[in-house]
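What follows draws every value from the coordinates through simple rules; no lab data is involved. Values in this document were obtained by computation on a predicted structure and should not be read as measured data. No Cβ is skipped: glycine too gets one built from the backbone with ideal geometry, and neighbour counts run over all protein chains shown.
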Amino acid sequence: MTTDIGTLQAYLDGALAADEQARVAAHLAQCDACRRQVTAVQAAGWQTAALLAALEPGPADLPAAATQLAQLRAELPVAQDALWSRWLRRLNEMRGNIGEHGLIRGTPPALRAGAIGALVVLLLAGMFTFAPARDAMAQFLGLFRVQQFTVVDIDSSARVQSFEDMLQSGILGQPEILRDFGDEQVVADVAAAEALAGYTARLPAELPEGASMAKLSVTQGPHVRLQVDRPTVQMALDMAGVTDVVLPAFDTAAVEVDAPYVVQAEYKVDNPYGERDAGMMLVQAPSPEIDLPPGIDPATMGEIYLRAVGMPAADASRIAQTIDWTSTAVIPFAGDMGAYQEVTVDGVPGLLFEESGATSDRGRERVLLWQRDGVVYGLLTWNVSDSGMLLVADTLQ
Amino acid sequence: MTNQWSQRSDARSVSGAAHRSETEFDALFMAHYDSVFRQAYRVTGNAPEAEDLTQETFLRLHKVQLDPGRDHNVRAWLLRVVTNLAYNQVRGDNRRDRREDAVFDGQSVAPDPADVAVRNDEQAQVRQVLRRLPERDAMLLLLRHAGLSYNELASVLEVAPGSVGTLLARAHAAFASAYEEATGGSAGGDDDDH
């Protein structure tokens with residue numbers, strides 16, 4: 001039985017299995033040669049440790065971690081918090097994470113109150129279609145009703161973000177989960193998806209060259225209820241910096257959202273722009289059922305919302321009157337977030353968003369949103385050409 | 001470059017990405033900052049450089065969104081990345097040193113002024129010896145020194161766990177003899193009496 005230096009080294013480091021440790025120990029007890037060997041191995045190890053210990057920085061060299069963290073946070077490129085990645089994160093937060101681990105059981109309270117509460121409470125603000133642009137994908141999961149999309153131009157994304165962050169903090173309380181998110185169910189074909197989802201799903205008849213379906217899945221949305229009282233909402237608005245609006249009179253209000261099944265199709269696309277990874281994700285869901293408390297004027301609440309995301313009072317008042325808040329997904333969009341254009345897609349008006357600077361890392365990422373026959377569609381693509389996007393959207397059947 | 005989208009087929013990794021909230025990132029940063037910085041400093045011996053390398057390492061952590069099932073390996077991941085980055089930097093320095101050697105025609109390389117300011121001779125010498133070792137040996141020693149387990153080392157170096165002991169023992173020996181050679185066989189003074 002051999003005890004090579006590697007075994008001896010592992011023995012010294014306690015890295016052998018227990019029986020092997022014992023075997024080597026027993027062998028060393030009766031073998032002088034191996035004892036000398038293990039002493040030499042140990043000495044070399046000690047010398048290494050002693051030499052490497054000389055390489056430590058002095059106390060004055062060691063930066064303060066908290067300062068460094070603040071510095072890193074300040075330097076994180078905008079792309080890190082980019083529109084699309086936030087959409088994706090939110091989507092997955094809701095579908096995957098919460099669905100998988102259970103909204104109550106495995107999810108930290110802040111996240112619970114955040115992911116669901118934020119959106120539901122936004123609904124309380126009178127918005128059936130409460131929609132910061134970066135939340136649009138989450139909306140597809142059915143937390144509101146969309147019959148059309150409208151972009152409102154604002155000066156900066158900062159206010160949208162801070163408003164959203166505030167809501168994410170769970171300030172508005174804990175929603176009651178009447179039905180949790182379902183697990184994502186991978187299905188073989190569209191017929192199976194429809195059998196689960198209970199509505200007609202559409203998939204593209206044609207795909208761009210090199211594209212193939214990677215996954216087709218169905219996820220049931222949650223049914224949640226959130227009760228808030230007026231002082232709480234007022235406090236949230238105060239924190240958002242909106243102090244000069246008067247909330248409608250109510251004591252407590254319950255918003256209930258029953259979200260539908262979401263059908264999601266993922267596609268891989270081979271090399272359309274050379275070596276870059278490319279792909280698409282098509283998400284569709286019918287409008288959810290939403291019960292709002294009676295007696296609240298949606299336009300008033302819409303105006304408050306526009307104020308909260310940073311729109312000046314006069315503009316908010318004027319624009320709020322022009323929007324049908326009961327059916328419109330309002331997407332506050334600032335020039336620093338990227339660009340959007342109105343397009344005709346699938347025979348209806350749609351919106352195409354492209355993030356500024358999105359070509360830097362993952363390549364060119366865009367999102368196309370539209371609504372047809374009561375179903376909301378979102379097509380997220382990365383490194384896919386215009387014609388490829390339109391081909392998919394226009395050949396849905 | 002890790003592509004967030006390409007991971008989508010793996011539902012677990014995606015949901016893990018969602019789990020990795022900014023708070024969680026901050027916690028990881030605070031928990032591991034010191035050990036990552038120390039590792040960068042061990043290689044470069046230059047505090048501002050080590051600081052930059054550490055920031056770069058955490059920037060990458062922020063980007064990758066590790067799989068949640070492997071959260072316990074964040075530390076190993078960070079140490080591996082920072083050691084790699086530091087060695088990339090050192091390789092560049094070595095090339096510069098060699099060019100300078102050629103230019104100054106065999107004159108001994110002038111030590112980095114920053115080195116002089118912050119390091120004593122022994123530290124500089126140990127670092128030089130370490131840099132002359134085969135890179136795999138040096139990284140193995142540094143990562144082990146930073147506390148990686150045999151299994152973690154095996155996965156970093158892409159070797160069987162069973163061979164880590166042998167590689168380590170050889171690297172110790174190589175390091176010891178390179179140091180003795182550099183210091184004329186006496187300065188080490190670690191020739192233990194038995």
- Go through segment A:7-58 residue by residue and tally those that are in contact with a Lys or Arg (Cβ under 8 Å, 6 or more places away or on another chain) and not hydrophobic (A, V, I, L, M, F, W, C). 2
- Query: Got a number for residues in segment B:139-176 being among the polar types (S, T, N, Q) and more than 8 Å from every other protein chain (Cβ to nearest Cβ)?
  - Reply: 2
